[in-house]
Amino acid sequence: MDVLEAREEYSRALKAGQKEYKELLAGDQNPHPAVLDELLSENGTETVVNIGLVDIPTERIVGTKTAGRITAFSPTFLPLLSEDTEFAHKWMMLCAAHLSEEGIREPIVCFEYLGNFYVQEGNKRVSVLRYFGAARIPGIVKRILPQKSSEPRIRAYYEFLDFFKVSKLYTVQFRRPGDYSRLLSHLGKKAEAM
């Protein structure tokens, strides 16, 4: 892919990002990715666990670790900065690499919290790969465990952690306690065996 083709791809991605941004603003919704640090300031956490390299489903990448980069992206990581920026130039270079034999090989670095992923390093890689329809993105992941509570979402998440030990799947996400054990029983497995 040459520079002109990469610029054309960026232009298309930018138009799609601007459209998404305007539609979300019109609907009184947040036009940028979520910010994990803001979520964590609202909810206490206690433990961070390294889980290593994971193939992350792209639809589960919902935000960034810090607020520093959010204005460059729509919530689906489409670009929002003009074509004459350093950001756009780097995006185009990644685009060209992705469509060449070289590809994008370096995994992103991110945090997982309640089954969603927040990028610390590799926002532009996520942007390019999602733009081209990648189903999964390799990432080095640290899991942030919420404090245990009686809240149904938190109880379901801790059941997910047991389910993940067996399945290594993020594509199945339940919010109610008991749903994971029901799924396992349909598969002929017992939650106690995990």
* Per-bin percent of Cα-Cα distances, the chain [10 Å] -> 9, 32, 32, 19, 8, 1
* Asked: Given a cut-off of under 8 Å on Cα pairs at least six residues apart, what relative contact order in percent is computed for the stretch 1-96?
  -> 45 percent
* Given a cut-off of under 8 Å on Cα pairs at least six residues apart, what relative contact order in percent is computed for the stretch 36-194? -> 28 percent
* Taking N as the number of residues in the stretch 76-137, what value does Rg over Cα atoms divided by 2.2 N^0.38 Å take? -> 1.14
* Consider a paramagnetic label point 7 Å from the Cα of L169 along Cα→Cβ; state which residues of the stretch 91-133 have an amide N under 18 Å from it. => 115-116
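Suppose we look only past 24 Å in the calculated P(r) of the stretch 79-194. What percent of the Cα-Cα pairs does that tail hold?
When every Cα pair of the stretch 79-194 is considered, 44 percent fall beyond 24 Å.
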* Asked: Ignoring ligands, DNA and RNA, how do R105, R12 rank by accessible area with a 1.4 Å probe, largest first?
  -> R105, R12
* Rounded to the nearest 10 Å², the accessible area of R7 at probe 1.4 Å -> 100 Å²
* **Accessible surface of the chain [probe 1.4 Å, protein heavy atoms]: carbon and sulfur percent** => 50 percent
* To do: Mind checking the per residue accessible area of the stretch 5-79 for me, 1.4 Å probe, whole number of Å²?
  => 55 Å²
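The values are calculated or read from the model by the stated rules, or taken from the named source; none is laboratory data. Please read these numbers as outputs of a predicted model, since none were measured by experiment. Don't worry about glycine lacking a Cβ; one is built from the backbone with ideal geometry, like all the others, and counts go over all protein chains shown. These accessible areas exclude ligands, DNA and RNA; they are computed on the full protein's heavy atoms, side chains included. Shrake-Rupley method; radii C 1.70, N 1.55, O 1.52, S 1.80 Å.
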